[in-house]
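What follows is a single structure, written as structure tokens, with notes after it.
Rule-based calculations on the coordinates, nothing more; no lab input. As the structure is a computational prediction, the values presented were derived from the model and not from experiment. Using ideal geometry, Cβ is built from the backbone for each residue, glycine included, and neighbour counts are taken over all protein chains shown.
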């Protein structure tokens, strides 16, 4: 600030000197004064320094970066606000992503399982044709977010799998979904029907008899085949050798024909 103070007075007197030295002579001025004025104006060109001085002085005396004017304060405030806003947005974005990741992990950790289900895909009967005269069928099982599939049986409409697949049963218990597909080598696999099974009665029966000492076979429940469901025949839930099982034969949906036969077994988590 001291430097600016001295600079101001220096250029003020310099400017004042230039103003007086280049002042136009009065009408009653002496001849020597007039001649000196003309010489300095046209030969020495001292008048051009006046404009230069007047344009230079403000940049030294009042540098913009040090003027405490409302506009400059507003500019600095705006600039600082922009930087602060960008930083805050970045931090918020980072925190939001961190919270989302924690939320996903928390949801995954909160999934509870009430048991296991063994699904024995036994056979398919009179399935739909998806190739020229036959199909290459396989079955996909879905329970909650879990998915498993059987092997492909080539060139048949009556495949026999006898394949056992095991899935965990989440709580709440979702339906078991089955989808049958025809395997294609050079194109998308063709759909051959689907079905859903409500496994809650099986899970309830398994929990009720998990500590049972009954050794003889026993019928625990029956799911009646009607026109309103997809059962081909009544489905029996039974206790065999201490295991709770259910035999099911289903009519495939959203397809012209086809049945699917399987056996389910539920194992509570305490076993």
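Full extension of the chain between residue 229 and residue 140 gives 30.0 nm of extra length, using 0.36 nm per residue less the Cα-Cα distance. Packing order of peptides 214-227, 151-164, highest average first: 151-164, 214-227 (average count of other Cβ atoms within 10 Å over each peptide's residues). Each label point was placed 7 Å from the Cα along the Cα-to-Cβ direction; for residue 133 and residue 184 their separation is 2.1 nm. A straight chain from residue 191 to residue 149 at 0.36 nm per residue would run longer than the Cα-Cα distance by 13.7 nm. With both labels modelled 7 Å from their Cα along Cα-to-Cβ, the residue 166 to residue 238 distance reads 2.4 nm.
Please label the shape of the range 118-219 as rounded, prolate or oblate, based on the square roots a ≥ b ≥ c of the eigenvalues of the alpha-carbon gyration tensor (a/c under 1.5 means rounded; beyond that, a/b larger than b/c means prolate, else oblate).
prolate
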